[in-house]
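> Structure below; questions to follow.
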Amino acid sequence: MEILGLVCNEMVSSKAICYEDQKTFEMLKTIDEKPISMQIFGSEPESMGKAAVVVSKLCDILDINMGCPAPKVVKNGDGSKLLTDLDLARAVIREVVKNSSKPVTLKIRKGWSNENIVHKEISKIAEEEGVKAIIVHGRTRQEFYSRTS
Ligand SMILES: Cc1cc2nc3c(=O)[nH]c(=O)nc-3n(C[C@H](O)[C@H](O)[C@H](O)COP(=O)(O)O)c2cc1C
């Protein structure tokens, strides 16, 4: 028997959770491994707070995605784009922590670009807002998944 330390799901959209999108709920409900960390993304503090209420009931750890570089995500201001607006990032974190019934963690990148390295600033904000752990993808958004910078 294999014992897993922690299972993580693929990020789900906070807006999709708010719209009660059934496909999104299926993504969350098909996982029955424990302990499980579920990840949400979004840049509207209100929808992130609402999603936190719902998703935190289904998991052991609630993770916020501020690392995704995908164009379709960042064009809405979500994922790694939040690293360019730390006040908004703080507001998002605050709503999630306030509304989650489980410990909240945060996934970040180093920053948006080499001209915008903010991992220390965002980590300080996260700590102040009650985030329990930070997961750092040690690239900028500009670097996507490249092996060299
Ligand atoms: C196809 C794909 C999907 C990913 N989905 C997620 C995700 O939903 N949430 C997340 O935090 N990271 C996601 N990642 C990022 C990885 O978790 C990881 O941070 C990244 O690949 C860096 O690891 P590496 O240096 O080993 O490549 C994804 C990466 C890839 C390539």
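The values are calculated or read from the model by the stated rules, or taken from the named source; none is laboratory data. Remember, predicted model here, so these are calculated numbers, not experimental data. Cβ placement follows ideal geometry from the backbone for every residue including glycine, while neighbour counts extend to all protein chains displayed.
> Taking the residues in region 133-149 that are more than 13 Å from the chain's Cα centre (by Cα) and surrounded by 13 or more Cβ atoms within 10 Å (Cβ to Cβ) as candidates, determine which candidate is nearest to the ligand (Cβ to nearest atom). Even if it seems obvious, please write down each step before you answer.
Filtering region 133-149 down to residues more than 13 Å from the chain's Cα centre (by Cα) leaves 138-149.
From what is left, the residues that are surrounded by 13 or more Cβ atoms within 10 Å (Cβ to Cβ) are 139-143.
Details: ARG139: 7, THR140: 12, ARG141: 12, GLN142: 15, GLU143: 10 Å.
It comes out as ARG139.
> Looking only at region 75-89, count every residue that is surrounded by fewer than 19 Cβ atoms within 10 Å (Cβ to Cβ) and of a type outside the set (S, T, N, Q) and tell me the total.
From region 75-89, those surrounded by fewer than 19 Cβ atoms within 10 Å (Cβ to Cβ) are 75-77, 84-88; that's our starting set.
Then keep just the ones that are of a type outside the set (S, T, N, Q); that gives 75, 77, 85-88.
Residues in region 75-89 being surrounded by fewer than 19 Cβ atoms within 10 Å (Cβ to Cβ) and of a type outside the set (S, T, N, Q): 6 in total.
> Tell me the residue from ILE64, ILE93 that is under 20 Å from VAL12 (Cβ atoms) and in contact with an Asp or Glu (Cβ under 6 Å, 6 or more places away or on another chain), please. So that I can check it myself, show each step before the final result.
On the way: ILE64 fails: in contact with an Asp or Glu (Cβ under 6 Å, 6 or more places away or on another chain).
Answer to the check: ILE93.
> For region 22-35: of the residues being touching a strand residue (DSSP E or B) at 6+ places or on another chain (Cβ under 8 Å) and assigned to a loop (DSSP other than H, G, I, E, B), which is farthest from the ligand (Cβ to nearest atom)?
Result: LYS34.
> Here's a check for you: in region 73-110, which residue that is within 15 Å of the ligand (Cβ to nearest atom) and outside any helix (DSSP H, G or I) is farthest from the chain's Cα centre (by Cα)?
LYS110
> I'm trying to understand the selection: among the residues of region 36-67, which are outside any loop (DSSP other than H, G, I, E, B), within 15 Å of the ligand (Cβ to nearest atom) and closer than 20 Å to SER123 by Cβ? First the steps, then the outcome.
The initial filter retains those residues of region 36-67 that are outside any loop (DSSP other than H, G, I, E, B), namely 36-41, 45-56, 61-66.
Then drop every residue that is not within 15 Å of the ligand (Cβ to nearest atom), which leaves 36-41, 51, 55, 61-66.
Across region 36-67, the qualifying residues are SER37, GLN39, ILE40, PHE41, ILE61, LEU62, ASP63, ILE64, ASN65, MET66.
> Given the residues ILE61, ILE117, which is the only one that is modelled with pLDDT of 95 or more, among the β-branched types (Val, Ile, Thr) and closer than 19 Å to GLY138 by Cα? Let's see the steps before the verdict.
Details: ILE61 fails: closer than 19 Å to GLY138 by Cα.
One residue alone meets the criteria, ILE117.
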